[in-house]
Amino acid sequence: MKGRRTSLQAILLDMMLPRLDGLSVLKRWRQEQIQTPVVILSARDAMAEIVRGLDAGADDYITKPFALDVLLARVRAAGRRSETQLAQLDLLSFEDLTLHCATLELQRGQRRVQLTRTEFAILERLMRRPRAIVSRESLLEHSRGSEGEITEASLYVFISGLRIKIAQPGETQLLHTVRGLGYTLRAGAA
């Protein structure tokens with residue numbers, strides 16, 4: 001559920017909901033890392049209310065009454081911003097590695113490398129946290145469902161395969177083991 005995107009272009013969120021106020025809903029979505037743009041609709045037009053909504057993670061705040069054409073234009077604008085952000089999220093880089101999330105393809109300099117789904121899932125997790133130590137448990141959890149059940153033993157095999165694909169003879173190894181803790185992407189020795 002973390003980092004989840006919906007297929008929606010944007011969400012219109014009214015602040016006056018029957019059970020839970022819109023601000024609480026928005027905060028929960030952002031805590032769950034739901035990235036879909038949110039446009040708040042509200043009769044509350046005080047500057048402090050607008051600031052609270054935007055600070056809680058809204059992409060825009062429209063006060064009632066509003067012109068329908070303006071609302072639609074602002075929703076389209078929020079959707080365009082989200083498409084640009086999504087395109088940026090689809091391309092991860094570290095040193096001379098580039099991971100194309102849409103095609104599951106890795107590029108090292110000019111060299112293109114095809115990855116399995118599990119290799120992709122592991123490398124994606126590492127590339128989203130470069131230089132950080134990513135635990136084996138985190139990699140196992142992130143890789144589940146990509147090509148069947150992943151075990152610690154098979155994780156080791158996938159890591160070994162990734163090392164071979166990432167660093168051909170003469171290239172610097174970027175994927176390192178941190179004994180007892182997990183794995184990391186670093187330019188030098190771990």
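Which is under 30 Å from HIS100 (Cβ atoms) and free of Cβ contacts under 8 Å to residues at least 40 places away in the same chain, of ALA77, ALA48, ALA56, ALA73?
Answer to the selection: ALA77.
Do you know which of the residues in region 159-178 that are of a type in the set (D, E, K, R) and closer than 17 Å to LEU126 by Cα is surrounded by the fewest Cβ atoms within 10 Å (Cβ to Cβ)?
ARG163
Select, from LEU106, LEU115, LEU12, LEU92, the only residue that is at pLDDT 85 or above, among the hydrophobic types (A, V, I, L, M, F, W, C) and out of contact with any Asp or Glu (no Cβ under 9 Å at 6 or more places or on another chain).
Selected residue: LEU12, the only one of LEU106, LEU115, LEU12, LEU92 that is at pLDDT 85 or above, among the hydrophobic types (A, V, I, L, M, F, W, C) and out of contact with any Asp or Glu (no Cβ under 9 Å at 6 or more places or on another chain).
Of the residues that sit in region 32-81 and are of a type in the set (Gly, Ala, Ser) and under 28 Å from the mean Cα position of the chain (by Cα), which one is modelled with the lowest pLDDT?
The selected residue is GLY79.
Need the failing condition index for TYR156 against (1) surrounded by 15 or more Cβ atoms within 10 Å (Cβ to Cβ); (2) of a type outside the set (A, V, I, L, M, F, W, C); (3) modelled with pLDDT of 90 or more, just the number.
Condition not satisfied by TYR156: (1).
When you go through LEU91, LEU126, LEU139, LEU181 one by one, which is the residue that is under 22 Å from ILE34 (Cα atoms) and surrounded by fewer than 18 Cβ atoms within 10 Å (Cβ to Cβ)?
LEU91
Out of ARG129, ARG163, I need the residue that is under 22 Å from GLU105 (Cβ atoms) and in a loop (DSSP other than H, G, I, E, B). Which one?
It is ARG129.
The values are calculated or read from the model by the stated rules, or taken from the named source; none is laboratory data. Here the structure is a predicted model, which is why all the values come from computation and not from measurement. Virtual Cβ from ideal backbone geometry, glycine too; neighbours counted across all protein chains shown.
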